[in-house]
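Novice: One structure coming up, written as structure tokens, with questions to follow.
The values are calculated or read from the model by the stated rules, or taken from the named source; none is laboratory data. Just so it is clear, the model here is predicted, and its values are computed rather than measured. Here Cβ is always computed from backbone atoms with ideal geometry, including for glycine, and neighbour counts include all displayed protein chains. In case anyone asks, the SASA skips ligands and DNA or RNA and just uses the protein heavy atoms, side chains included. Shrake-Rupley method; radii C 1.70, N 1.55, O 1.52, S 1.80 Å.
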Amino acid sequence: MSDMLEENQNQPKLKAPKGVHDILPEDHQFMTMIKKVVRHRARQSGFRRISTPIFESTDVFARGIGDSTDIVKKEMFSFSSKDGKRSYSLKPESTAGVVRAYLEHGMINLPQPVELYYIEPHFRYDKPQKGRYRQFHQLGFEVIGELDPALDAQIINLAHKINQDLEISELLTLQINSIGCKKCRGQYIEDLKNFYYGKERSLCFDCKDRLEKNPLRLLDCKEEDCQILAKMAPKIDQALCPECKDYHKNVLEFLEELDIPYVENTSLVRGLDYYNRTVFEFWGKEEGAQNAIGGGGRYDGLVEIMGGPETPAVGYAAGMERLIGYMKEKGIKPIHKDKIQVFVAQLGAVAKKKSLGLVGQLRDLGIHVLGAHGKGSIKAQMRMADRFDADWTLLLGQIEVQDGTIILRDMKKGSQEILSFDNVLEEMVTRIGPENLDKTTIWE
Ligand code: HAM
């Protein structure tokens with residue numbers, strides 16, 4: 001044993017860091033299904049895809065999401081540039097970055113609204129638990145540049161359609177609220193603070209801090225004592241100004257028109273500071289479901305906060321790992337094209353050469369083919385074909401090479417027949433069916 005090998009064996013085993021996961025091939029089948037649904041639904045509504053960088057200036061998130069939010073205060077992976085002069089952070093969400101890109105690339109001069117979607121990894125230094133990871137993936141939509149309650153309803157409709165396409169819609173409820181505008185929220189926050197003053201002792205550690213810095217968040221704390229108080233606290237729907245009330249009424253009427261069931265939830269406030277008026281989330285219906293699969297709302301002040309002119313906007317993002325969790329719970333088997341259709345086994349040097357060309361030609365026709373490259377016996381190669389769950393095996397030995405033939409074995413039936421080597425491509429296309437061929441196309 002070499003010294004290096006011995007040394008490596010004494011090292012601790014290498015593992016992925018806490019809270020981050022490999023996406024194994026089985027889960028990629030779910031991911032692919034979700035991406036396909038998202039791309040279709042996005043194209044149908046005129047959205048175009050954007051990717052912002054994995055890391056940005058910390059300021060983009062601090063300004064965009066809000067200094068006092070849990071995300072910025074506790075959950076960002078931040079690091080400095082080598083000269084120590086700049087701070088960067090891995091993106092915990094995409095809305096702030098998309099707005100930065102909208103301004104940086106002059107999208108404000110395009111016909112408005114600008115409709116963008118993304119499918120991206122994100123990073124939050126959360127305490128890892130089921131459905132809560134340090135690297136996770138979001139699909140998201142942003143509509144920037146127009147103010148109309150119909151747009152809020154359309155974004156919700158898009159999210160609802162995606163849930164329906166993934167066949168998990170009936171496991172979820174849409175929770176919706178209006179958190180008002182700058183005008184009416186100011187007075188409401190004062191009322192809220194006044195309600196909580198004197199009751200600080202019953203609040204959890206975080207909520208004591210929230211009372212001064214972000215009182216709205218007191219309403220959706222998950223701690224039991226805080227929830228009891230939140231139920232008694234003044235409700236925002238009573239404090240909305242006539243414009244916000246009217247706007248919210250319109251959004252709800254549009255949802256009814258679109259046949260989307262909803263639950264009005266006056267405690268829903270969302271964990272990011274940029275929202276105003278409409279906020280919404282999709283929750284699991286099951287008892288004790290704590291995690292939303294997705295959420296969004298209107299953010300009419302964010303473009304201005306990021307240095308642009310007053311520009312209304314609305315958006316939504318869902319967590320792909322959480323969607324997959326519900327899909328698995330429902331027993332959904334993702335449709336995929338990973339099946340091995342043909343296994344090519346061979347024996348002898350000439351057969352090996354000939355089979356190499358055959359494997360390539362079969363693949364070019366759109367057939368999924370594995371070839372045995374090892375020197376194993378035909379029996380060992382057949383066992384491999386079985387383990388890879390191939391539908392058919394083609395066998396090429398010295399005799400077949402001499403006779404210009406090839407053996408075709410139907411792996412399910414266990415039957416075998418001899419084909420002419422010259423006809424094998426045509427035969428395989430017929431047996432697999434032209435509709436099952438996986439052709440490379442740039443038009444999918
Ligand atoms: P968010 O509610 O922070 O909103 O995240 C959206 C979704 O991302 C959540 O509902 C959840 O499914 C998923 N998610 C968040 N954190 C984690 C985590 N640690 N592990 C697994 N999944 C997670 C936003 O990010 C907003 N940018 C949404 C938006 C877009 N609002 C307007 N436009």
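Novice: Kindly write out, for region 144-149 in residue order, the coupling ³J(HN,Hα) from the Karplus curve 6.51 cos²θ - 1.76 cosθ + 1.60 (θ = phi - 60°), rounded to whole Hz, with x marking Gly and Pro.
Specialist: 10, x, 8, 10, 6, x
Novice: Moving on to the next point. Quick one: Kirkwood hydrodynamic radius for the chain, alpha-carbon pairs, angstrom, one decimal? Mind showing how you got there, number by number?
Specialist: On the way: mean 1/r = 0.0388 Å⁻¹.
Over the chain, the inverse of the mean reciprocal pair distance is 25.8 Å.
Novice: Sort 270-278, 223-231 by the packing proxy (mean of other Cβ within 10 Å over each peptide's residues), most packed first.
Specialist: Numbers: 270-278: 23.2, 223-231: 14.4.
So the peptides 270-278, 223-231, ranked by packing, come out 270-278, 223-231.
Novice: Per residue of region 294-304, what does 6.51 cos²θ - 1.76 cosθ + 1.60 with θ = phi - 60° give for ³J(HN,Hα)? Whole Hz please, x for Gly and Pro, Karplus curve as stated.
Specialist: x, x, x, x, 8, 9, 6, x, 5, 4, 5
Novice: Here's a follow-up. Given Cβ point charges of +1 (Lys, Arg) and -1 (Asp, Glu) and nothing else, what value in debye, to the nearest 20, does the dipole of the chain about its Cα centre take?
Specialist: Numbers: 62 positive and 66 negative charges, 213 e Å.
My answer is approximately 1020 debye.
Novice: ³J(HN,Hα) across region 376-392 via Karplus (A = 6.51, B = -1.76, C = 1.60, θ = phi - 60°), whole Hz, x for Gly/Pro?
Specialist: Listing the rounded values in order: x, 5, 4, 4, 5, 5, 5, 5, 4, 4, 5, 5, 7, 6, 6, 6, 10 Hz.
Novice: Compute the signed sum of charges (Lys and Arg +1, Asp and Glu -1) over the other residues within less than 12 Å, Cβ to Cβ, of SER202. Write down the numbers at each step before the final one.
Specialist: Numbers: positive: LYS199, ARG201, LYS208; negative: GLU200, GLU223, GLU224, ASP225.
Combined, the nearby Lys, Arg, Asp and Glu give -1.
Novice: Moving to a separate point now. I want to verify a result. In a Gaussian network model of the chain, Cα cutoff 10 Å, which of these has the top mean-square fluctuation: PHE30, PHE280, PHE205?
Specialist: PHE205
Novice: Could you tell me how many cubic angstrom of Cα convex hull volume region 255-374 has per residue?
Specialist: Numbers: hull volume 31.4 nm³, N = 120.
Taking the convex hull of the Cα positions in region 255-374, it is 262 Å³ per residue.
Novice: Right, next: What residues qualify as long-range amide H neighbours of GLU56, i.e. H under 5 Å apart, gap of 5 or more or another chain, H built at 1.01 Å from N?
Specialist: SER89, LYS91
Novice: Okay, next question. When the chain is treated as a GNM, springs tying every alpha-carbon pair under 10 Å, which of ALA233, ALA317, ALA372 comes out with the largest mean-square fluctuation?
Specialist: ALA372
Novice: Once you have a ≥ b ≥ c as the square roots of the Cα gyration tensor eigenvalues for region 323-444, tell me rounded if a/c is under 1.5, and otherwise prolate or oblate according to whether a/b is larger than b/c.
Specialist: Working: a/c = 2.26, a/b = 1.72, b/c = 1.31.
Note, shape of region 323-444 comes out prolate.
Novice: Specify the inter-centroid distance of region 193-239 and region 7-53, based on alpha-carbon positions, in whole Å.
Specialist: 37 Å
Novice: Please report the base-10 log of the normalised intensity I(q)/I(0) for region 359-421, using a Debye sum with one equal scatterer per alpha carbon and no solvent, at each q in 0.12 (1/Å).
Specialist: Taken in order of the listed q values, log10 I(q)/I(0) reads -0.30.
Novice: With +1 on each Lys and Arg Cβ and -1 on each Asp and Glu Cβ, and nothing else charged, work out how big the dipole of region 201-331 is about its Cα centre, in Debye to the nearest 20.
Specialist: 340 debye
Novice: So who's got an amide H within less than 5 Å of the one on CYS204, skipping anything under 5 residues away but keeping other chains? H placed 1.01 Å off N, in plane.
Specialist: Placed amide hydrogens put CYS226 under 5 Å from CYS204.
Novice: For the pairs LYS15/LYS91; LYS183/LYS231; LYS35/LYS337; LYS127/LYS328; LYS130/LYS337; LYS249/LYS330, flag any whose C-alpha to C-alpha distance is greater than 26 Å. Mind showing how you got there, number by number?
Specialist: Numbers: LYS15/LYS91 23 Å; LYS183/LYS231 24 Å; LYS35/LYS337 15 Å; LYS127/LYS328 23 Å; LYS130/LYS337 29 Å; LYS249/LYS330 34 Å.
Pairs exceeding 26 Å: LYS130/LYS337; LYS249/LYS330.
Novice: While we're on this one: From the square roots a ≥ b ≥ c of the eigenvalues of the alpha-carbon gyration tensor of region 67-214, which class results: rounded (a/c under 1.5), prolate (a/b over b/c), or oblate?
Specialist: Numbers: a/c = 1.39, a/b = 1.16, b/c = 1.20.
It is rounded, given that a/c, with a ≥ b ≥ c, falls under 1.5.
Novice: Given axes a ≥ b ≥ c from the Cα gyration tensor, I'd like to know whether region 11-72 is rounded (a/c under 1.5), prolate (a/b larger than b/c) or oblate. Walk me through the intermediate numbers first.
Specialist: Values: a/c = 2.75, a/b = 1.04, b/c = 2.65.
Oblate shape, in that a/c is at least 1.5 and b/c is the bigger or equal ratio.
Novice: Something else: Sort 211-221, 105-115 by the packing proxy (mean of other Cβ within 10 Å over each peptide's residues), most packed first. Kindly include the intermediate steps, with their values, before the conclusion.
Specialist: Values: 211-221: 18.5, 105-115: 13.9.
So the peptides 211-221, 105-115, ranked by packing, come out 211-221, 105-115.
Novice: For the chain, what is the calculated [θ] at 222 nm in deg cm²/dmol (nearest 500), taking -39500 (n - 2.57) for each run of four or more DSSP H residues and dividing by its residue count?
Specialist: Values: 16 runs with 171 residues, N = 444.
Calculated from helices alone, the mean residue ellipticity at 222 nm is -11500 deg cm²/dmol.
Novice: Would you mind getting the accessible area per residue of the chain, heavy atoms of the protein chains only, 1.4 Å probe, in Å²?
Specialist: Working: 24210 Å² over 444 residues.
I get 55 Å² per residue for the chain.
Novice: Give me D for region 155-229 in µm² s⁻¹, whole number, from Stokes-Einstein with Rh from the Kirkwood sum over alpha-carbon pairs, 37 °C and 0.692 mPa s.
Specialist: Details: Rh = 14.8 Å.
The Stokes-Einstein estimate is 223 µm²/s.
Novice: Right, here's the next one. How large is the direction-averaged shadow of the alpha-carbon convex hull of region 5-149, in nm²?
Specialist: Computing the convex hull of the Cα atoms and averaging its projections yields 13.3 nm².
Novice: Can you tell me which of ASP70, ASP300, ASP410 moves the most in a GNM of the chain? Springs connect C-alpha atoms under 10 Å apart.
Specialist: Evaluated over the chain, the most mobile residue of the options is ASP410.
Novice: May I ask for the Rg/Rh ratio of region 395-443, computed from Cα atoms with Rh as the Kirkwood radius, given to two decimals?
Specialist: Rg/Rh: 1.09.
Novice: Under a 5 Å amide H to amide H cut-off, with H placed in plane at 1.01 Å, what residues pair with THR405 once short-range neighbours are removed?
Specialist: PHE421
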